[in-house]
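Working notes for the structure below.
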Amino acid sequence: MTKAMFLVLVVEDDAGIRGMLETLLGAQHYRVVAAENAARGVIEARNHRPDLVIVDLGLPDRDGLSLIRDIRRFAATPILVLSARTAEADKIAALDAGADDYVSKPFSTPELMARVRAALRRRVSSGERLPSLCFGPVRVDLAARTAHGPAGPLHLTPLEYRVLDCLARHAGMIVTQAELLREAWGAERAGDSRGLRTYVKMLRQKLEPDPRRPQYLITEPGVGYRLLPVDEDPGPSEPRG
Ligand code: CA
């Protein structure tokens, strides 16, 4: 799938930022539809069925959070929030409303574009077989539930695989503590963030080259975790002549 086939809906009332996003995304060969308020955003989301929606939270007609909830009623489209609100509570509220990722304003262009690619990658790969992931020399096959390090096979518990599955399905994006707990443990342990921290620490010890300085399994303070896009195992490589 080439980029030109991807359609991005931008819902942003600030004409300067809206224009800049249109230029940035257009330069990367994405198709762009823009809306200046939430009401228009819902209409464009229904009419165009975009592959990704970028939403500002401070919109003139109503809050971006309610727009996210509205879009979630009829579409599973990845939603990326771009907002000047930087408090942890605001990020959690947006992710809980159904957003997939959060970028704070002012934003760095390369970071925003990386998040856009991650969101679209997730859309393309969702429903496909879970990949093998490489953490430096450690390789994890999520479908077969096997892991190998430089010293041989590694043992991951079923719960550790579930945590990793959940992060891998949202690779590159924030997964909230509540979401991870719900998916890995089920509703009855939904408040156990200390237990979650313990499991993340154990996963880092097994997977990270230097567990004290995680390169892959990143903490988003107060919000949750993010698995940075790891290299998917390309399989045995053939020497090229
Ligand atoms: Ca705004």
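The values are calculated or read from the model by the stated rules, or taken from the named source; none is laboratory data. Because the structure is a prediction, the values reported are computed rather than measured. Glycine also receives a Cβ, built like all others from the backbone with ideal geometry; neighbour counts cover every protein chain displayed. Keep in mind that these areas ignore ligands, DNA and RNA; they rest on the heavy atoms of the full protein, side chains included. Shrake-Rupley method; radii C 1.70, N 1.55, O 1.52, S 1.80 Å.
Test residue 42 against the criterion of being in contact with a Leu (Cβ under 6 Å, 6 or more places away or on another chain), outside any loop (DSSP other than H, G, I, E, B) and either open to solvent by 10 Å² or more (accessible area, probe 1.4 Å) or within 19 Å of residue 13 (Cα to Cα) (or both), and give yes or no. No, not satisfied. Of everything in the range 189-219 that is in a helix (DSSP H, G or I) and touching a residue at least 60 places away in the same chain (Cβ under 8 Å), the residue that is farthest from residue 133 (Cα to Cα) is 206. For residue 53, the stated conditions do not hold, so it cannot be described as touching a helix residue (DSSP H, G or I) at 6+ places or on another chain (Cβ under 7 Å) and either open to solvent by 10 Å² or more (accessible area, probe 1.4 Å) or in a helix (DSSP H, G or I) (or both). From the list 61, 51, 13, the one residue that fits, being modelled with pLDDT of 95 or more and either under 18 Å from residue 99 (Cβ atoms) or hydrophobic (A, V, I, L, M, F, W, C) (or both), is 13. Number of residues in the range 22-53 that are within 14 Å of the ligand (Cβ to nearest atom) and either among the acidic types (Asp, Glu) or in contact (Cβ under 8 Å) with a residue 60 or more places away in the chain (or both) equals 1. When 35, 39 are checked against the criterion of being at pLDDT 95 or above, in contact with a Gly (Cβ under 8 Å, 6 or more places away or on another chain) and outside the structural domain of residue 175 (by TED's automatic domain parsing), a single residue qualifies: 35. Whenever a residue of the range 159-183 is free of Cβ contacts under 8 Å to residues at least 40 places away in the same chain, its partners that are among the small types (Gly, Ala, Ser) and not in a helix (DSSP H, G or I), lying with C-beta atoms within less than 6 angstrom and at least six residues away or across chains, give the pairs 181/190; 182/190. Elements of the type strands (runs of 3 or more DSSP E) sitting completely within the range 62-164 and holding at least 1 residues that are touching a helix residue (DSSP H, G or I) at 6+ places or on another chain (Cβ under 9 Å) and open to solvent by 20 Å² or more (accessible area, probe 1.4 Å): these cover 101-104, 152-154.
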